[in-house]
Structure formats: structure tokens, C-alpha cells
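J.: One structure, pasted below without further comment.
The values are calculated or read from the model by the stated rules, or taken from the named source; none is laboratory data. Note that the coordinates shown come from a computational prediction; the quantities given were computed from them, not determined experimentally. Glycine also receives a Cβ, built like all others from the backbone with ideal geometry; neighbour counts cover every protein chain displayed. Surface accessibility is based on the protein's heavy atoms, side chains included, excluding ligands, DNA and RNA. Shrake-Rupley method; radii C 1.70, N 1.55, O 1.52, S 1.80 Å.
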Amino acid sequence: MRRNAFLLAASLASVVWLASCGGGGGSGSSDATTSNSTGSPATTLSASSGEITAFGSVFVNGREFSTTGAKVIDNDTGVAVTDESTLEVGMSVDVKPMSATALDSASPQADEIRLHPLARGYVDATDTTASTLTVMGQTVQLTSATNFSDRRACATATTPTCTAVAGLSDLTATSGASSPGSYVTVHGFLFSTGTSANIVATLISVGDVPSSSSAAAFKVEGAVASVGSSSVVIGGLTVNLGQATCKNDSGTVACASAFTAGQVVSAFSATAPALPATTFSATTAALRSKLPVQTVGATVELQGRVSSASGTGFVLRGVNIDGAALAAASLPVVGDDVRVTGTVASNGTSVTASAIKLLHAAVSRTVTLEGDFTAVAAGASANTYVVTVLGQAINVDASTRLADRSTHSAPRSGSSAFNITTFQTVLAASTSKHLVISATADGSGNLTAAALKIAPASTAASVQGVVDASPAPVNGTSATVPTTFAIHGLGVSADPATFASPRGWRLRAQATTVAAGDLVVARGTWSGGKLVVAVPSGSSGPTASNFVVDLGTPRTGDPCDF
């Protein structure tokens, strides 16, 4: 996809922070902001399903759950995880609070945290143009919010003996039946197109291949596309159930009649499939309820990407959401990343929404910035802040995904962990002032960060977003008569010789005319209150540190945001 140029450029510049896969679909409503929530939430929370966004305790769906005494359980095997340090930002989890936990509780206590990855296996293919990888026959889409971690012994040793994987370009793909790619665990949410099952990743965790005693070392989960006499098809994988134990709502049942098309099923085994994975012999296959609880009337929270929308209804994490009670302006469009609060409907499998919060919107109102912060101030309410980067004031709140990637040893737990309660303290103490922020504008142009990372110190500055209509872009002819335009009011002055088109993993000079409404990626130096993109001394065209890529008019309906 042509919009993935920035992953290329960022990787070339050793800043793996933006894996683009297309803009959130539709224009959306200007009233549906990242901080807007409508409806009357219920009083008692039964479950919260989403991704871990920060530590200290565990932050899920913008809520800090105390983990003292909580059980951490692998949802596939039911085995308790004794080492809480294995929890990572981006993990998809279902949190069940202690009974009678108020929805607005300031410090809810988690009773149970269930880890819910969607795939475990070898990377069979990577596509840097589409920002995807293939694991267990599933197409895994990366976004700007996808986290990477490397849990291999060689990377976590006191003296590492290998380079830690930090992004898509660092992964190894399968090159033959006996040459497997990187072993990864994929966390995220299902994003179905038709009857196929794709995953939008929130975390790619690289690890050593588990021992043969790990019952779910290889796993696939997704919507069943078709059913055979002793098999099901999930995404691009045919799952053989001939030797499997199959379970559905009735308990252990004959595999031949256990599942139907459209149901969400997980299948796993200790044994790897033949590579590249197109078929898989499962030892266990289970119907996965799409809701963490099925009690009619129970209040639940769900966070994820809207995969389809029609009228007042939409689909989130494979769950049908009835949005009839929501304000029309707050209804999401395909590709929006939202958090929904609601109650389990009478069928036990869908949710009647009472509140919604837009976390990551369509590309037309999204801007991504890279640069040093120049100010941090307390916001209008507790645990909110305003940080200034490249002259832009950006609001940060508890829903912002926070990560400290300034060093490999940045703490993930304890009083020094980077979360909303330690936000100002950690930024002040950090040796790096370099931030990467993905933010969304509301109808008034105010920016709220969906994701913020502390990156290694750098002098680089970057912006990605849609070119403003005013001031109108002016296309230049030379270094002394540069092309000028603005993205969300941030001025860019670029030597036309720095304009590029990506080819493979290289940037090649390409004459370009910038127009209002185009999606543009620019990287250079912040100087004099604007982003200056110039040809470096000794070069004659674009480089990894100075380039502009014009991606044209953003499409609507793309499955992921930038």
C-alpha cells in the first residue's frame, strides 16, 4: 500500500515508530473527539477487555487496576502466570475486577487478568509496503500504535549477544521448510473482512521457541471462514481437527459438528505446522466467546478497531455493538479505534452501548509528530497534561498509550514506570527529550495524544498528516525557492530535491506537486519555528534524515490508522 512509505523512511532512519496501513475510514463527525464520551455508563463494572497501555499497576482502557493478589492466567491453557514481569504494553487482556466494582472507581482491584493473544508461531512472510506480516496463516496488520518487544534470551542477557527486534524490518521470515522465521506472539484484535480473519496488532513479542511441554506454543484464533468434515479454515490456515479435542458452549463435543462459519475459534498445539503454515493439526480447538462475561445486563468495556458499521450498529473486536442510545455525532466509522461501555444484551453475545470514546480517528484528522518536547504543563484536570512538540500543544490523558523506549533498560514497573501518574516526573528525569506522538484533532483543532513514546535522543524532526488548505501550498523550484505547506498549522519548508518516492527500501528522488488534502510525510530539522527539509552536504537528493513523501489523497475505508 502506498501509504506505508513512512514505515520505510522511519526504518531507514532507525526510528521504528510509524507502521502505517491506511487511514481510518470515512470522514467521521467533528464532534466525535478523542476525549468525548456520551451516554450514561452503568454503575458496576463486570469486565474490561482491551490492551495494556501502561504499568505501575496495570492500565487497561484508561483505567488503573491494582494487581495486588490478582491471578494472571493464560487464556488458552488456564495455567497461572507466576511472573507478572511477563506482562507488556500492548498485550490484549480481559480483566475481571473484584465483585461490585464501581465503574467510576478511582482504584479498582483486578481479581483476574486473562492473557489473550491471537496467534503464536513463526513469521512466514513480511510485507514492508503493506506493513503486514503473516503468522499461522493470518495476515497481521501493523499500525502506529503497534508495540514490539524482544524476549529472547540473547536479547535480555546482561550482555546481549544479539540485536533486539525493534520493528518489522528486524523480523526474519521463513525461507524454507527447515528455516523458520522469527517466533512471535501476536496480541491485538480481530479485524474481519467478509469471512476472512485478520489481526490488527497491538504487540508483536519476539521470543525463543517454547519447549514441547507448552500446550499452546502454536496457536491461531479468528473467525471461521468455512467448515469441513474434520477441519475449519481460519484466515489462510486450514486447521485439521482429526486428532483434536473440541469444545463449545456444550462442553467437549465431536469436532465434526463443533463449530460453524462465522464463529470465533482458537486452535492450538505444542507442535509446529509444516512451514510456511497453510495447514495445522490442532490438539485443542475451542469456541471463544467474544465477550469476557456473558451475563445478561452485566457492564463491560471493550476497546478496539471498528471493523464494520451500518446505521447505529457496528462491530468491535468481533462483537456486535448496538449504538442506538449514543449521540449520532459520536457513532464511529470503520477504522476508528474506540472504547465502548455497555451492557451484555439478551442474547449474551452482543453489547448495548451506553458510552463511547474515540481513541484514534481517521487519517484526515490524525497527525504524527517526532521531535524534542519544549514544555510540559498540568492539564485542566487530574492526570492530564499538555506537552509541546514542534510548536504543537498536545493533550495527554489516561487513555494515551505511553511507552519509554529511550533505553532498553527503561523500567516497566515500580515508582519509575512511565504512566500517566508519573508522566511529568519521568519526562523531567529522562536523558532523552525526544518524543514520538500520534495525535488526533477534534472539531476545534485541539490535539489529544493516542500514543506517546520517549525515543532515543535525536536531532531529527518529522511530521505526518494531511496538508492544510490554508495557507495554500506553494510549490517551489529550488533550494532557494523551496516548496512550502502546512500540516495542522505546522509549517514545512522543503527543497524540491528532497521529494521522494519509495522503491523497496530506498528513497528515490521524484518531482512532486503538493496539494491541499494530500497525505504527506516529511523529515528534517526543526528550525525557526518550522520543519526545514534540505539536501545534506555531500548529497544530491533525499536521504533517510531529510525527505518528503507525498502519498496523495487519503482513501476512506482503509482498515487501520497511521
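J.: How many residues does region 479-531 hold that are part of a loop (DSSP other than H, G, I, E, B), farther than 26 Å from residue 129 by Cα and either without any contact (Cβ under 8 Å) to a residue 12 or more places away in the chain or aliphatic (A, V, I, L, M) (or both)?
T.: Selection size over region 479-531: 4.
J.: Could I ask something else about it? If you take just the strands (runs of 3 or more DSSP E) that sit entirely in region 239-303, which of them hold at least 3 residues that are within 20 Å of residue 189 (Cβ to Cβ)?
T.: On the way: elements: 245-248, 251-253, 264-269, 279-281, 284-287.
In region 239-303, the matching strands (runs of 3 or more DSSP E) lie at 264-269.
J.: Can you tell me which condition residue 307 does not meet? The list is (1) within 21 Å of residue 78 (Cα to Cα); (2) crowded, with 18+ Cβ neighbours inside 10 Å; (3) polar (S, T, N, Q), and all the others hold.
T.: Going through the list (1) within 21 Å of residue 78 (Cα to Cα); (2) crowded, with 18+ Cβ neighbours inside 10 Å; (3) polar (S, T, N, Q), residue 307 breaks only (1).
J.: Let me ask something else. I'd like to know if region 72-82 contains one or more residues that are closer than 22 Å to residue 218 by Cβ and open to solvent by 60 Å² or more (accessible area, probe 1.4 Å).
T.: Taking region 72-82 as the starting set, the residues that turn out to be closer than 22 Å to residue 218 by Cβ are 72-81.
Going one step further and asking which of them are open to solvent by 60 Å² or more (accessible area, probe 1.4 Å), we end up with 79-80.
Yes - at least one qualifying residue is present in region 72-82.
J.: Can you tell me which residue is nearest to residue 97 (Cα to Cα) among those in region 297-336 that are charged (D, E, K, R) and out of contact with any Asp or Glu (no Cβ under 7 Å at 6 or more places or on another chain)? If you could, list the steps in order and put the result at the bottom.
T.: Going residue by residue through region 297-336, those that are charged (D, E, K, R) are 301, 305, 317, 322, 336.
Retained after the next criterion (residues that are out of contact with any Asp or Glu (no Cβ under 7 Å at 6 or more places or on another chain)): 301, 317, 322, 336.
Details: 301: 12, 317: 20, 322: 24, 336: 27 Å.
Among those residues, the one meeting the criterion is 301.
J.: Among the residues of region 174-187, are any touching a residue at least 60 places away in the same chain (Cβ under 8 Å), in contact with a Lys or Arg (Cβ under 6 Å, 6 or more places away or on another chain) and open to solvent by less than 30 Å² (accessible area, probe 1.4 Å)?
T.: Yes: region 174-187 contains one or more residues that are touching a residue at least 60 places away in the same chain (Cβ under 8 Å), in contact with a Lys or Arg (Cβ under 6 Å, 6 or more places away or on another chain) and open to solvent by less than 30 Å² (accessible area, probe 1.4 Å).
Every residue, every condition in (1) more than 29 Å from residue 127 (Cα to Cα); (2) polar (S, T, N, Q); (3) open to solvent by 60 Å² or more (accessible area, probe 1.4 Å), yes or no:
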{"site": "498", "(1), (2), (3)": "no, yes, no"}
{"site": "508", "(1), (2), (3)": "no, no, yes"}
{"site": "513", "(1), (2), (3)": "no, yes, yes"}
{"site": "523", "(1), (2), (3)": "no, no, no"}
{"site": "529", "(1), (2), (3)": "yes, no, no"}
{"site": "532", "(1), (2), (3)": "yes, no, no"}
{"site": "536", "(1), (2), (3)": "yes, no, no"}
{"site": "541", "(1), (2), (3)": "no, no, no"}
{"site": "545", "(1), (2), (3)": "no, yes, no"}
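J.: What pairs come out if I take residues in region 314-333 that are under 21 Å from residue 365 (Cα atoms) and pair them with residues that are open to solvent by 40 Å² or more (accessible area, probe 1.4 Å) and not in a loop (DSSP other than H, G, I, E, B) whose C-beta lies under 6 Å away, six or more apart or interchain?
T.: Correct list of pairs: 333/309.
J.: Same structure, new question: Would you mind finding the one in 374, 407, 341, 352 that is within 23 Å of the chain's Cα centre (by Cα), among the hydroxyl-bearing types (Ser, Thr, Tyr) and assigned to a strand (DSSP E or B)? Before you say what the answer is, go through the steps one by one.
T.: Working: 374 fails: within 23 Å of the chain's Cα centre (by Cα); 407 fails: assigned to a strand (DSSP E or B); 352 fails: within 23 Å of the chain's Cα centre (by Cα).
None of the others qualify; the one that does is 341.
J.: Within region 95-114, work out how many residues are modelled with pLDDT of 80 or more and open to solvent by less than 20 Å² (accessible area, probe 1.4 Å).
T.: Pass one, region 95-114, residues modelled with pLDDT of 80 or more: 95-97, 108-114.
Imposing the further condition that a residue be open to solvent by less than 20 Å² (accessible area, probe 1.4 Å) reduces the set to 95, 97, 108, 110, 113.
Residues flagged as modelled with pLDDT of 80 or more and open to solvent by less than 20 Å² (accessible area, probe 1.4 Å) within region 95-114 amount to 5.
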